[in-house]
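Accompanying notes for the structure given below.
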Amino acid sequence: MSTTRKIRLGAFIQATGHHVSAWRHPDSQADAGLNFEHYKEITQTAQRGLFDAVFLADSVGIWGGTPETQIRNGKIVHFEPVTLLSALSSVTQNIGLIATASTTYEEPYTLARKFASLDYLSKGRAGWNVVTTGNENAAANFGRDRHPEHSDRYERAEEFVEVVKGLWDSWEDDAFIRDRESGIYFDSNKLHTLDHKGKHFSVKGPLNVGRPPQGYPVIVQAGASEPGRDLAARTAEVIFTANQTLADAQEFYADVKGRLAKYGRSPDDLKIMPGAFPIIGRTEEEAQEKYEFLQSLIHPDVAWGILKNYYKDVDLSKYSLDDLAPELPKDTNTNKSRLKLVKDLATRGALTLRQLYLSLATARGHRTILGTPESIADQLEEWFNNDAADGFNIMPPILPTGLDDFVNLVIPVLQKRGLFRTEYEGSTLRENLGLRRPDNRFAAKQEDKTLVLA
């Protein structure tokens, strides 16, 4: 089988791995969060596997939990992602580098500057995962009494992204003449001052970094609530999403792609990549054994901590783990789409509290897929060929071995089926994802004006 449409793959890197107790596994790198050589190894492995990008999630504060759960959290400390990816850019050549940064707790000018710099350092391989931050504990780290409301965070995010893009357009691509003989460094007609004044931001500009090599670093988004879907349709070029079933993934895919025309965009302008947590064995039995061993590493305090994270303000002391999961809260000011996913998971399967925490311990509501390399490829291919995904954000259970297994065992199967590249198509993240390079808004306006006068 061959096809011109190829699966896109992101390597979602989370220190020791995505399983809640990955750091306890004998094959994991226990100090991964602060070990540069570890990140270097796995990023180079992902590049060897021809992944489009590595992706680092992030939060601007330690996640909550009881003291009993926090002392058992092997992911509690880790590098700031833009700093880490800047270092990784010097030891890689092709793979994209996507970092998470918050529109709630950062400022547009400093963020635009950081990501433009990363795009230069990596020669056009940077991506920004736009988040509004679901961690309520972050507020106190920034002198705030409370975490902003969900709707307010998304309203701020829309303006934030537009300001950042405007700053990236401060300089036209050919603005820098650097003519030693005349002494002219840049063409002043190709420098543009944004001078933005809006509800949330007043930003003059221009940015003191040139226009990024990609025009804009690739814009990634992960929200799946109603405001999140609309923000993605308006601004995102890649969506990392969480879906448990083919039907749910198809609904999300059709809904978000269907919104693009409203913003003058085509379906190819946005790649939708659900998360997938693969447990790979030479046989189905071996995969199941790997899964059960991972689950056996969960300490009871961690199990209850997982549940309390979703059952906010609900007294769970009267329940045992073998009781049917009670109804979850109807709303949250943190991650609304994830709460809905967990509610659907619990009610669809009529799960006990034990079954619920075991389902969430692997990939926090993302899809867990078990099996041989061939059956893993089958499961990915089914979604890819049935309007549920343009690719996948692969979430290795443990690192580095979980990514090694995917690259060594699953990638060759996908390539043999003609579903995945055998070499990188371009030198930038945009080129490899098949995304167009955006025009400079100021240059485009000037060109339009010239055409009208002509």
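The values are calculated or read from the model by the stated rules, or taken from the named source; none is laboratory data. Note that the structure is predicted; figures quoted are calculated from it, not measured. Neighbour counts run over all protein chains shown; Cβ positions are idealised from the backbone, glycine included. All accessible areas refer to the heavy atoms of the entire protein, side chains included, with ligands and DNA or RNA removed. Shrake-Rupley method; radii C 1.70, N 1.55, O 1.52, S 1.80 Å.
Structure notes:
- Size of the chain from its Cα atoms: along the principal axes, largest to smallest, the extents are 76, 54, 41 Å.
- Nearest-10 value in Å² for the accessible area of residue 68, using the 1.4 Å probe: 90
- Nitroxide proxy distance, nm - points 7 Å out along Cα→Cβ at residue 288 and residue 146: 5.0
- Radius ratio Rg over Rh of segment 127-275, counting only Cα atoms, Kirkwood formula for Rh: 1.06
- Once the convex hull of all Cα atoms in segment 205-329 is built, its volume per residue stands at 243 Å³.
- Long-range amide H partners of residue 279 with built H, under 5 Å: 369, 370, 371
- Ranked packing of 145-153, 80-88, most packed first, by mean Cβ within 10 Å: 80-88, 145-153
- Estimated FRET transfer efficiency (residue 68, residue 30; beta-carbon r; R0 22 Å; 0.05): 0.70
- Alpha-carbon spread of segment 365-454, three principal axes, descending order, Å: 64, 29, 28
- Amide proton proximity set for residue 224, modelled H, under 5 Å, gap of 5+: 337
- Rounded to the nearest 500, the 222 nm mean residue ellipticity of the chain from helices alone is -11500 deg cm²/dmol, with -39,500 (n - 2.57) taken per DSSP H run of at least 4 residues.
- Karplus (6.51, -1.76, 1.60) ³J(HN,Hα), θ = phi - 60°, over segment 180-191, in Hz, Gly and Pro reported as x: 5, 5, 7, x, 9, 8, 9, 7, 4, 6, 10, 10
- As a ratio to 2.2 N^0.38 Å, the alpha-carbon radius of gyration computed for segment 58-106 takes the value 1.47.
- Relative to the globular-protein estimate of 2.2 N^0.38 Å, the Cα radius of gyration of segment 1-60 stands at 1.34.
- Solvent-accessible surface of the chain, averaged per residue with a 1.4 angstrom probe and all protein chains in place: 44 square angstrom.
- HN-Hα J in Hz across segment 267-275 - Karplus 6.51, -1.76, 1.60, θ = phi - 60°, x for Gly and Pro: x, 6, 6, 9, 9, 9, 10, x, x
- The angle between the Cα long axis of helix 353-363 and the longest principal axis of the Cα atoms of the chain comes to about 40 degrees, rounded to the nearest 10.
- Applied to segment 285-300, the Karplus parametrisation 6.51 cos²θ - 1.76 cosθ + 1.60 on θ = phi - 60° returns per-residue 3J(HN,Hα) values of 5, 5, 4, 5, 5, 4, 4, 5, 5, 4, 5, 5, 7, 6, 6, x Hz, with x for Gly and Pro.
- In Å², nearest 10: area of residue 293 left accessible to a 1.4 Å probe: 90
- Long-range HN-HN contacts of residue 17 with modeled amide H, under 5 Å: 399
- FRET efficiency for the pair residue 174 and residue 381, taken as 1/(1 + (r/R0)^6) with r the Cβ-Cβ distance and R0 = 41 Å, rounds to 0.40.
- Charge dipole magnitude, Cβ of K and R +1, D and E -1 - segment 1-47, Cα centre, debye nearest 20: 400
- Estimated at the nearest 10 Å², the accessible area of residue 312 is 90 Å² with a 1.4 Å probe.
- Global form of segment 268-308, assessed from the alpha-carbon gyration tensor, a/c cut-off 1.5: oblate
- Heavy-atom accessible surface of the chain: percent carbon and sulfur, 1.4 Å: 50
- Calculation over all alpha carbon pairs of segment 191-243 in 10 angstrom steps from 0 returns a P(r) of 20, 31, 38, 10, 1 percent.
- Segment 1-135 - Kirkwood radius from inverse mean 1/r over Cα pairs (Å): 16.0
- When the Cα positions of 368, 398, 128 are compared along the charge dipole of the chain, 128 comes out farthest toward the positive end, with charges on each C-beta of Lys, Arg, Asp and Glu.
- Total charge dipole magnitude, segment 259-397, about the Cα centre, Cβ charges on Lys, Arg, Asp, Glu only, Debye to nearest 20: 840
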